[in-house]
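Taken together, the values in this text are just the output of simple stated rules run on the coordinates, not laboratory data. Since the structure is predicted, the reported quantities are computational estimates derived from the model, not experimental observations. We place every Cβ from the backbone using ideal geometry, glycine too, and count neighbours over all the protein chains shown.
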Amino acid sequence: MQQVTIAHQARFADDRMLKVALFESPHFFCDLYCLAPGQAQRVHAHAGSDKVYYVQSGSATIRVGAEEAEVGPGVAVLAPAGCVHGVANRTAEPVTVLVVMAPKPAHG
């Protein structure tokens, strides 16, 4: 059985958001996105894959389509296939977001 203690996986960089791979198969991936204050993932879309953002710690600003919301710990947000999405940390504290995506896109 594969297991991971998510809270122990958080890593931050001064220059960019870090993606820490937790699990991966040919069908999906599960990463921990670690955003220091002021960092963001560029807004983008995946034609054939759904993505779920689950805020682990801190407060993240998540965009899906034309909607944007500040989301706190314990809240999950769905970004359906083909819909533009992204996440940002607009606070003074670090943010961690668990991200699951399926099916796994060809580029990873």
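Taking Cα centre as origin and charging only the Cβ of basic (Lys, Arg, +1) and acidic (Asp, Glu, -1) residues, the dipole magnitude of the stretch 30-102 rounds to 120 debye.
Phi angles across the stretch 53-58 convert, under the Karplus curve 6.51 cos²θ - 1.76 cosθ + 1.60 with θ = phi - 60°, into 3J(HN,Hα) values of 9, 10, 6, 8, 8, x Hz, Gly and Pro given as x. Rg/Rh for the chain (Cα atoms only, Rh after Kirkwood) is 0.94.
Amide H contacts of PHE28: LYS104, each under 5 Å away and 5 or more positions distant or on a separate chain (H built 1.01 Å from N in the peptide plane; Pro and chain starts excluded). Per-residue Karplus couplings for the stretch 92-101, computed as 6.51 cos²θ - 1.76 cosθ + 1.60 with θ equal to phi - 60°, are listed in order as 8, 10, x, 10, 10, 9, 7, 10, 10, 9 Hz, Gly and Pro entered as x. Taking the number of Cβ atoms within 10 Å of each Cβ as an exposure proxy, the fewest-first ranking of THR61, THR5 is THR5, THR61. Residues LEU78, LEU32, LEU18 in ascending order of nearby Cβ atoms (within 10 Å, fewest first): LEU78, LEU18, LEU32. Put simply, the amide H of VAL71, placed in the peptide plane, has neighbours under 5 Å in ALA60, THR61, ILE62, leaving out anything fewer than 5 places away on its chain. Using only side-chain charges placed at the Cβ, +1 for Lys and Arg and -1 for Asp and Glu, the dipole size of the stretch 1-72 relative to its Cα centre rounds to 120 debye.
A cut-off of 5 Å between modelled amide H atoms, ignoring neighbours fewer than 5 places along the same chain, links CYS83 with HIS46.
Each of TYR54, TYR33 was scored by other Cβ atoms within 10 Å of its Cβ. Arranged with the fewest first, they read TYR54, TYR33.
Find the centroid of the Cα atoms in the stretch 45-86 and in the stretch 1-43, then give the distance between the two in whole Å. About 14 Å separates the Cα centre of the stretch 45-86 from the one of the stretch 1-43.
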